[in-house]
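> This is the structure, below, for whatever I ask next.
The values are calculated or read from the model by the stated rules, or taken from the named source; none is laboratory data. Please read these numbers as outputs of a predicted model, since none were measured by experiment. Glycine also receives a Cβ, built like all others from the backbone with ideal geometry; neighbour counts cover every protein chain displayed.
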Amino acid sequence: MTLLLFTLLFAVFYIQVGYACIMWLLARVFPKRLNTIDPLPDAITIVLCVHNGAAHIQQRLQNLADCEWVGIREFLVFCDGCDDDTATLASQSCVECVRVMSSPTQRGKWAALNDAIQAASHPVVVFADLRQTFDTQAIQNLTHAFRDPRVGAVSGLLEIAASDSGGGRGVDLYWRMERKLREWEARFDSVIGCTGAIYAIRKKAFQKLTPGTILDDVIVPMQIAIQGWRVTYNPQAIAFDPQRLDPIKEKSRKRRTLVGNYQMFELFPSWLLPWRNRLWWQLISHKYSRLFVPWMLMAILVLTIASLKTPLIWFLLGIQMICYALGIIGCMFPHFKSRLLTIPSGFLLLQVTCARALFSYVKCRRDPLSLWQPSQADDNPQKIYETSSQ
């Protein structure tokens, strides 16, 4: 029992801290630098998949048009089952080279991306969401990586204003750590997944998405990496989100991401095989292993209570009780901003969401689009076309 307890403690430490430390070391000792021997792409297609985005479509297109770019570009707006004036307003925009495609019924982002990428006129495709705005240098910085002929995809950075609540600040710390981890992964080889609100791919490397795909911004770059390309990351390519990081909305988004991880595990079991996927260890450590953390924590608590009460076991039990108590207090009183409360409450929020994701996956497995229904997504149907992962 004691051996199992310490094995689980080591596993949780590795998943939450150890993997990041190893990636930091690998990125420093074995960096794989970009070999920028090719010129910048001379033409790009910017894809914007939208459902009922009439209120913001022209402003968003203008923002994308204001981004610096030296070559040819087209703006491809895919209206998926829009029953408002999105298509008309996009066509009437003062922005040049706007092409509008429409589906009479709402099929989901996976279907919109499949059709839009196939129809894209240029060899590099840039993905954007409706809600965010791009920094003026974002596209230029994003496409710079394609000067390396080994690069098949590149992710940018999504900037979200820090939360005002205590638990939200703990989650915000988690995202800052996540961004550093992506930077180290990309420096060593490839990042596991892209930021859906801002990333780009080579069109020829794209493989069609499976119907019902949830994590398109992870599966698309992983499929590209499986073919032998690198998936890199440029934090200088920035998209800005106008909304603050809110714990309630973050739980909904994070739950979709975790459900998408379960789906990805089911759809692509061969990605776990080292001879099929050179990133298998990174995928397991970064994505899949996190699904087990809440269950490991529960087992650790039970084993600690059931073990023979040596001084070390009493110490471990006391530490757990203190951490859980601080986390609960931080969740109950979000106006407290002390890190003593925000860090454990943010961690607790993420683990509760992770545990719930398993039941959501079982419930929504046959109907993934139900994850974005208004009752589950803050009454905003546009959520279906917003990024699920960062």
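> What helices (runs of 4 or more DSSP H) lie completely within region 31-125 and have 1 or more residues being in contact with a Leu (Cβ under 6 Å, 6 or more places away or on another chain) and at pLDDT 90 or above? Walk me through it before giving the result.
Values: elements: 57-66, 86-91, 109-119.
Output list reads 57-66, 109-119.
> Which residue is modelled with the lowest pLDDT, if the candidates are limited to region 159-191 and must be aliphatic (A, V, I, L, M) and either part of a helix (DSSP H, G or I) or crowded, with 21+ Cβ neighbours inside 10 Å (or both)?
By that ranking, first place goes to VAL171.
> Against the conditions (1) crowded, with 18+ Cβ neighbours inside 10 Å; (2) in contact with a strand residue (DSSP E or B) (Cβ under 9 Å, 6 or more places away or on another chain); (3) within 30 Å of LEU283 (Cα to Cα), where does ALA20 fall short? Just the number, please.
Failing condition for ALA20: (2).
> Residue check: is TRP295 modelled with pLDDT of 90 or more, hydrophobic (A, V, I, L, M, F, W, C), surrounded by fewer than 21 Cβ atoms within 10 Å (Cβ to Cβ) and not in a helix (DSSP H, G or I)?
So TRP295 fails the test.
> Looking at (1) among the β-branched types (Val, Ile, Thr); (2) crowded, with 19+ Cβ neighbours inside 10 Å; (3) over 12 Å from the mean Cα position of the chain (by Cα); (4) not in a loop (DSSP other than H, G, I, E, B), which one does ILE284 not meet, given that it meets all the others?
Here ILE284 clears every test but (2).
> Still on this structure, I have one more. For LEU130, are the conditions met, namely being modelled with pLDDT under 95, part of a loop (DSSP other than H, G, I, E, B) and closer than 23 Å to TRP69 by Cβ?
yes
> Yes or no: VAL362 surrounded by fewer than 16 Cβ atoms within 10 Å (Cβ to Cβ) and under 29 Å from LEU267 (Cα atoms)?
yes
> For TYR199, state whether it is surrounded by fewer than 24 Cβ atoms within 10 Å (Cβ to Cβ) and touching a helix residue (DSSP H, G or I) at 6+ places or on another chain (Cβ under 7 Å). Full working, then the answer.
Working: surrounded by fewer than 24 Cβ atoms within 10 Å (Cβ to Cβ): no; touching a helix residue (DSSP H, G or I) at 6+ places or on another chain (Cβ under 7 Å): yes.
Criteria not met by TYR199.
Here is a yes/no grid of residues against (1) farther than 27 Å from THR257 by Cα; (2) under 26 Å from the mean Cα position of the chain (by Cα); (3) of a type in the set (D, E, K, R); (4) modelled with pLDDT of 75 or more:
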site: LEU303; (1), (2), (3), (4): yes, no, no, yes
site: ILE322; (1), (2), (3), (4): yes, no, no, yes
site: LEU326; (1), (2), (3), (4): no, no, no, yes
site: SER345; (1), (2), (3), (4): no, yes, no, yes
site: TYR361; (1), (2), (3), (4): no, yes, no, yes
site: PRO368; (1), (2), (3), (4): no, yes, no, no
site: GLN373; (1), (2), (3), (4): no, yes, no, no
site: TYR385; (1), (2), (3), (4): no, yes, no, no
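Okay, residues lined up against (1) part of a loop (DSSP other than H, G, I, E, B); (2) of a type in the set (A, V, I, L, M, F, W, C); (3) in contact with a His (Cβ under 9 Å, 6 or more places away or on another chain):
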{"site": "LYS204", "(1), (2), (3)": "no, no, no"}
{"site": "THR213", "(1), (2), (3)": "yes, no, no"}
{"site": "VAL218", "(1), (2), (3)": "no, yes, no"}
{"site": "PRO221", "(1), (2), (3)": "no, no, no"}
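> Among the candidates LYS254, LYS208, which residue alone is charged (D, E, K, R) and in a loop (DSSP other than H, G, I, E, B)?
After applying the criteria, what remains is LYS208.
> Taking into account only those residues within region 317-359 that are outside any loop (DSSP other than H, G, I, E, B) and of a type in the set (Ser, Thr, Tyr), which is surrounded by the most Cβ atoms within 10 Å (Cβ to Cβ)?
This residue is SER345.
> Please determine, by comparing only the residues of region 23-59 that are within 21 Å of the chain's Cα centre (by Cα) and β-branched (Val, Ile, Thr), which one is surrounded by the fewest Cβ atoms within 10 Å (Cβ to Cβ).
The selected residue is VAL47.
> If you check GLN16 against the conditions, is it under 27 Å from the mean Cα position of the chain (by Cα), in contact (Cβ under 8 Å) with a residue 24 or more places away in the chain, closer than 30 Å to CYS354 by Cα and assigned to a loop (DSSP other than H, G, I, E, B)? Give the steps one after another, and end with the answer.
Working: under 27 Å from the mean Cα position of the chain (by Cα): yes; in contact (Cβ under 8 Å) with a residue 24 or more places away in the chain: yes; closer than 30 Å to CYS354 by Cα: yes; assigned to a loop (DSSP other than H, G, I, E, B): no.
No; evaluated as a whole, the condition is false for this residue.
> If we keep just the residues of region 237-254 that are small (Gly, Ala, Ser) and modelled with pLDDT of 90 or more, which is nearest to LEU348 (Cα to Cα)?
ALA239
> Could you please let me know if PHE265 is outside any loop (DSSP other than H, G, I, E, B), in contact (Cβ under 8 Å) with a residue 60 or more places away in the chain and under 30 Å from VAL126 (Cβ atoms)?
Values: outside any loop (DSSP other than H, G, I, E, B): yes; in contact (Cβ under 8 Å) with a residue 60 or more places away in the chain: no; under 30 Å from VAL126 (Cβ atoms): yes.
So PHE265 does not fit the description; no.
> Could you please tell me which pairs satisfy a Cβ distance under 6 Å, a separation of 6+ or placement on different chains, a first residue in region 316-335 that is closer than 24 Å to LEU5 by Cα, and a second residue that is at pLDDT 90 or above and surrounded by 15 or more Cβ atoms within 10 Å (Cβ to Cβ)?
Cβ pairs passing all conditions: LEU316/THR304; LEU317/THR304; GLN320/LEU301.
> Does any residue in region 278-292 that is at pLDDT 95 or above come within less than 7 Å, Cβ to Cβ, of a residue that is basic (Lys, Arg) and part of a helix (DSSP H, G or I) six or more places away or on a different chain, and which pairs are these?
none
> Can you say whether LEU258 is closer than 20 Å to TYR19 by Cβ, surrounded by 18 or more Cβ atoms within 10 Å (Cβ to Cβ) and out of contact with any strand residue (DSSP E or B) (no Cβ under 9 Å at 6 or more places or on another chain), as far as the supplied structure shows? Outline the logic, then answer.
Working: closer than 20 Å to TYR19 by Cβ: yes; surrounded by 18 or more Cβ atoms within 10 Å (Cβ to Cβ): yes; out of contact with any strand residue (DSSP E or B) (no Cβ under 9 Å at 6 or more places or on another chain): yes.
Considered against the rule, which asks whether it is closer than 20 Å to TYR19 by Cβ, surrounded by 18 or more Cβ atoms within 10 Å (Cβ to Cβ) and out of contact with any strand residue (DSSP E or B) (no Cβ under 9 Å at 6 or more places or on another chain), LEU258 comes out as yes.
> Can you name the residue in region 215-236 that is under 29 Å from THR342 (Cβ atoms) and of a type in the set (A, V, I, L, M) and, of all such residues, is modelled with the highest pLDDT?
Start the filter on region 215-236 by keeping residues that are under 29 Å from THR342 (Cβ atoms), which leaves 215, 217-218, 233, 235-236.
Going one step further and asking which of them are of a type in the set (A, V, I, L, M), we end up with 215, 218.
Working: LEU215: 92, VAL218: 95.
Here the residue is VAL218.
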